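The values are calculated or read from the model by the stated rules, or taken from the named source; none is laboratory data. Because the structure is a prediction, the values reported are computed rather than measured. We place every Cβ from the backbone using ideal geometry, glycine too, and count neighbours over all the protein chains shown.
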Amino acid sequence: MARVRAVRIPELRTAPGVHARAGSVEELARFLADHRRIVVLTGAGCSTGSGIPAYRDESGRWRRRQPIFYQDFLADQVMRRRYWARSFFGWKVMQRAAPGPTHSALATLAGLGRVSGLVTQNVDGLHQRAGHAEVIELHGGLDRVLCLDCGLGSTRDELQQRLEFLNPDWAPEVLGINPDGDAELDDKAYPGFRIAGCSDCGGTLKPDVVFFGESVPRSRLAAADRTVESADAMLIVGTSLVVWSGYRLARLAAQRGIPLAAVNNGLTRADGMLEFKLEGDCGTVLGQALSTFSSQGSSDQP
Ligand SMILES: [Zn+2]
């Protein structure tokens, strides 16, 4: 029976002719100096320097083939096999990825006492590895696995070992890597892959990430909202904010009347709400702003 899919990959929608004002590095440095409770909201553009490709191009268009949908993952063992087969290779890329200049710059900014919270749409864990102690992972993290039947949590590393044990000679050609720990494989390769069940109850395992068609847990949304509600400014880095769960935080910040600035290579859905935006490589721009911030000395420090 053909399945009718109600979920669509969201497209970037901006009001015609609405563009954020182009800011300067000096303006961004002043923004960082003037605020002490900045909530940072990040996306895939932070991790492109770490060898993890972005989901979307500069105009916000979806770059890759169809991702997996939550309902399909639940309903269809063939889809689960496909997911884990691709993840088997995608996870190896994630394990090797190191924090890049953007992660480092944001960790430095936090060390300067400017950041009151960091909310990321990324599932790669690289902000934490760069030294951020508390990160709200809006869409979860690939480093964890959940059993859908008994709720047991475990690590992705542990599952990888079990998958390697189950598939010692499985070596299809990898055609490409996607940003969420997903590799492109020849479709003919999947049936040869053996998946693992929960080590406790044998139930269905799912990565602890929010799939398309799945909701962000309420408690996590509430934690992100609190971070925005206690902030005095928002800095958006490396995201076009196409996905609602990220965009709504920018909207919440705008509704509160706190200033929003962005560093992003291309359009964002929040362009109409921004005080200013800097285009270009996020790590380079943030590094320049931090240098300017530091060279202005500590005269504005208490
Ligand atoms: Zn279980």
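Only one residue in Leu163, Leu138, Leu159 is touching a residue at least 60 places away in the same chain (Cβ under 8 Å) and under 23 Å from the mean Cα position of the chain (by Cα). Which one?
Only one candidate qualifies: Leu138.
List the pairs whose first member sits in segment 62-76 and is at pLDDT below 90, whose second member is of a type in the set (Val, Ile, Thr), and whose Cβ atoms are under 6 Å apart, counting only residues at least 6 apart or on separate chains?
Trp62/Ile9; Phe69/Val7
Can you tell me which residue among Ala107, Ala98, Ala85 is among the aliphatic types (A, V, I, L, M), under 30 Å from Pro168 (Cα atoms) and crowded, with 18+ Cβ neighbours inside 10 Å?
The conditions single out Ala85.
Please work out which residue is nearest to Ile136 (Cα to Cα), limiting yourself to segment 23-43 and to residues that are in contact with an Asp or Glu (Cβ under 9 Å, 6 or more places away or on another chain) and not in a strand (DSSP E or B).
Looking at the filtered set, the residue picked out is Arg37.
For Val210, state whether it is in contact with a helix residue (DSSP H, G or I) (Cβ under 7 Å, 6 or more places away or on another chain) and either touching a residue at least 40 places away in the same chain (Cβ under 8 Å) or more than 21 Å from His19 (Cβ to Cβ) (or both).
So Val210 fails the test.
What is the number of the single condition among (1) surrounded by 14 or more Cβ atoms within 10 Å (Cβ to Cβ); (2) away from the ligand (no atom under 16 Å from the Cβ); (3) closer than 21 Å to Ile68 by Cβ that Arg114 does not meet?
With (1) surrounded by 14 or more Cβ atoms within 10 Å (Cβ to Cβ); (2) away from the ligand (no atom under 16 Å from the Cβ); (3) closer than 21 Å to Ile68 by Cβ applied to Arg114, the lone miss is (3).
Results for (1) hydrophobic (A, V, I, L, M, F, W, C); (2) at positive phi, shown as yes or no for each residue.
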residue: Arg80; (1), (2): no, no
residue: Ser87; (1), (2): no, no
residue: Val93; (1), (2): yes, no
residue: Ala97; (1), (2): yes, no
residue: Ala107; (1), (2): yes, no
residue: Gly113; (1), (2): no, yes
residue: Gln128; (1), (2): no, no
residue: Val135; (1), (2): yes, no
residue: Gly141; (1), (2): no, no
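Please determine, by comparing only the residues of segment 161-206 that are in a helix (DSSP H, G or I) and more than 25 Å from Leu146 (Cβ to Cβ), which one is farthest from the ligand (Cβ to nearest atom).
Only one residue tops the list, namely Lys188.
Mind listing whichever residues of segment 120-144 are under 14 Å from Phe212 (Cα atoms) and part of a strand (DSSP E or B)?
Gly140, the sole residue that qualifies.
Tell me yes or no: at least one residue of segment 153-160 is away from the ligand (no atom under 16 Å from the Cβ) and in contact with a helix residue (DSSP H, G or I) (Cβ under 9 Å, 6 or more places away or on another chain).
Looking through segment 153-160, at least one residue is away from the ligand (no atom under 16 Å from the Cβ) and in contact with a helix residue (DSSP H, G or I) (Cβ under 9 Å, 6 or more places away or on another chain).
Before we move on, is Asp157 modelled with pLDDT of 95 or more and under 29 Å from Gly51 (Cα atoms)?
So Asp157 fits the description; yes.
Do you know which of the residues in segment 64-82 that are polar (S, T, N, Q) and assigned to a helix (DSSP H, G or I) is surrounded by the fewest Cβ atoms within 10 Å (Cβ to Cβ)?
So the residue we want is Gln77.
Which residue, of Val145, Val135, Val93, is over 15 Å from Ala183 (Cβ atoms), surrounded by 19 or more Cβ atoms within 10 Å (Cβ to Cβ), away from the ligand (no atom under 16 Å from the Cβ) and of a type in the set (Val, Ile, Thr)?
Val135
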